[in-house]
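A short write-up of the structure that comes next.
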Amino acid sequence: MAIIASNFKTNHTRKSTKDFINNVNDFLTSNSIISDVYIFPTSTALDTFDTVSNLTIGTQNAYATAKGSYTGEIGTEQLDEFKIQTILIGHSERRHILGESQAEIAKKFAFYSELGYKIIYCIGEPLEVKEQGIEKTLEYVYEQFIGIDINYKNLILAYEPVWAIGTGITAINTDITSVHKALKSKIKKPLLYGGSVKVTNVEEICSLDGVDGALIGTASWNLEDFKQIIKNTKDL
Ligand code: 13P
C-alpha cells in the first residue's frame with residue numbers, strides 16, 4: 001500500500017488548507033481508498049480536522065521544546081492543541097536554506113521520538129555530490145543519519161535528492177533504485193521518494209523496487225492533481 005504525503009511548504013492559506021483537507025478526506029471516504037495519506041500544512045493552518053484514520057495531518061517543523069523563548073518557532077504546546085503527532089524532520093530546505101545542522105536535527109529527532117511522534121525523516125544529496133557518483137552520494141546520505149535512531153518504531157524515511165526538488169527534474173529510475181536499495185539493506189523502514197513527483201510519474205516511481213510511496217511538494221498543492229496522484233497509486 002502506497003504512502004502519499006503532501007508537503008505544502010509555504011503555500012495555501014488557513015482557509016484553502018481547510019477546504020483542501022476536507023475535500024481530500026471526502027475523496028478518500030467516497031472512493032474507499034485505504035492508502036496512507038499525509039498532509040503537512042503551514043503552521044498557521046494547523047487546526048483540529050475531522051479526518052478518516054488513513055489521512056494524517058502533520059507539522060512541517062517544530063522546535064525541540066514544549067514551549068519557551070524561541071521566536072518564530074512552535075513547540076508541543078501548540079501541537080498538542082490540535083493533537084498533531086506527526087512531524088517532518090531533516091527536510092533539505094531546512095538544512096540548506098534555514099541552516100539546520102545535523103546536530104540540531106538529531107536533537108529534534110531525539111525530542112520528538114521520545115514523545116512517540118511519527119517522524120518522516122528526510123535525506124538527500126545536492127547536485128555536486130550526485131555528480132561524484134553513487135559511492136559519494138551514499139556516503140553523504142549516511143552522514144545524515146548521524147545521531148538518528150534508525151530503529152525508531154514510528155519512523156518513515158524520505159529520500160529527496162536536492163537537485164530534483166522543485167526543479168521539474170525527476171531522478172531517473174536507476175538514480176532512485178540504487179539509493180533506495182542501499183538504504184533498504186541497512187534500514188528496515190518505509191522509504192518514500194521525493195523530488196518533482198507528478199501526476200504523470202507517481203505510479204511508475206511508486207512501483208519501483210524499494211519505493212514505498214512519495215513525498216510531494218509542487219504537484220500536491222493543486223487539489224485535483226493531488227487527488228489524481230492518490231488515485232493513480234491506490235492499488236499499489
Ligand atoms: P517538489 O515535489 O516540489 O519537487 O518538492 C519535493 C519536496 O521537497 C517534498 O518535501
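The values are calculated or read from the model by the stated rules, or taken from the named source; none is laboratory data. Since this is a predicted model, take the numbers as computed values, not measurements. All Cβ positions, even for glycine, are placed from backbone atoms using ideal geometry, and neighbour counts span all protein chains on display. These accessible areas exclude ligands, DNA and RNA; they are computed on the full protein's heavy atoms, side chains included. Shrake-Rupley method; radii C 1.70, N 1.55, O 1.52, S 1.80 Å.
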Judged on accessible area alone, 1.4 Å probe, highest first, E224, E135, E93 line up as E135, E224, E93
In Å, the Kirkwood hydrodynamic radius from C-alpha pairs for the stretch 1-74 sits at 13.4 Å
Order by accessible surface, 1.4 Å probe, largest leading, for residues L46, L208 comes to L208, L46
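What order do you get for 182-193, 26-37 when each peptide is scored by the mean count of other beta carbon atoms within 10 Å, highest first?
182-193, 26-37
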Between the alpha carbon centres of the stretch 1-76 and the stretch 94-128 the gap in Å comes to 18 Å
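In what sequence, largest accessible area first, do F109, F145 appear using a 1.4 Å probe?
Values: F109 0, F145 25 Å².
Putting F109, F145 in descending order of accessible area: F145, F109.
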Cα-based Rg and Dmax for the stretch 24-136, in Å, come out at 16.3, 48
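A 22 angstrom limit on the alpha carbon distance is what I want to check against. Which of K9/K181; K18/K189; K136/K186 exceed it? Mind showing how you got there, number by number?
On the way: K9/K181 28 Å; K18/K189 31 Å; K136/K186 17 Å.
Correct reply: K9/K181; K18/K189.
Before rounding to the nearest 500, sum -39500 (n - 2.57) across all DSSP H runs of length at least 4 in the chain and divide by the residue total; then give [θ] at 222 nm in deg cm²/dmol. Provide the component values of the computation, followed by the final result.
Numbers: 9 runs with 83 residues, N = 236.
Calculated at 222 nm, the ellipticity per residue is -10000 deg cm²/dmol.
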Stretched fully, the stretch from D80 through K186 gains (0.36 nm per residue minus C-alpha distance, one decimal, in nm) 34.8 nm
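Rolling a 1.4 Å sphere over the protein heavy atoms, what is the accessible area per residue of the chain, to the nearest Å²?
Working: 11010 Å² over 236 residues.
Counting only protein heavy atoms, the per-residue value for the chain is 47 Å².
Mean separation of Cα pairs under 8 Å and 6+ residues apart, divided by the residue count of the stretch 3-122: what relative contact order is that in percent? Can you show the working numbers first?
Working: 164 pairs, mean separation 25.3, N = 120.
Relative contact order comes out at 21 percent.
Please give the length that would be gained between E114 and T174 if that part of the chain were fully extended, namely 0.36 nm times their separation in residues minus their C-alpha to C-alpha distance (nm, one decimal). Let's see the in-between values first.
Values: separation 60, 0.36 × 60 = 21.60 nm, distance 3.58 nm.
Additional length available on full extension: 18.0 nm.
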Percent relative contact order for the stretch 37-94, counting Cα pairs under 8 Å at least six residues apart, stands at 33 percent
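Could you tell me the calculated FRET efficiency between E224 and K136, based on Cβ-Cβ distance and R0 = 25 angstrom, to the nearest 0.05? Write down the numbers at each step before the final one.
Details: r = 40 Å, r/R0 = 1.58.
Working from the Cβ atoms, E equals 0.05.
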Hits in the stretch 44-62: amide N under 14 Å from the 7 Å Cα→Cβ extension of T10, namely 44
With all protein chains present, the stretch 1-138 has a carbon and sulfur share of its accessible area (1.4 Å probe) in percent of 50 percent
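I need the calculated FRET efficiency for the pair S207 and K18, taking r as the beta carbon distance and R₀ as 25 Å, to the nearest 0.05. Don't skip to the end; give the middle numbers.
Numbers: r = 33 Å, r/R0 = 1.31.
That gives a FRET efficiency of 0.15.
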Scoring the stretch 93-236 by relative contact order with C-alpha pairs under 8 Å, at least six apart, yields a percentage of 19 percent
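Just the number: Rg to Rh for the chain, Cα atoms, Kirkwood Rh, two decimals. List each step's numbers first, then the result.
Working: Rg = 16.8 Å, Rh = 17.9 Å.
Taking Rg over the Kirkwood Rh, I get 0.94.
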For the stretch 95-230, the Debye formula with one identical point scatterer on each Cα and no solvent gives log10 I(q)/I(0) at q = 0.13, 0.18, 0.19 Å⁻¹ as -0.55, -1.07, -1.18
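Give me the net charge for the shell around A66: Cβ to Cβ below 14 angstrom, other residues only, Lys and Arg +1, Asp and Glu -1. Working shown, then result.
Working: positive: K67, K108; negative: E73, E77, D80, E81, E114.
Neighbour charge sum, excluding A66 itself: -3.
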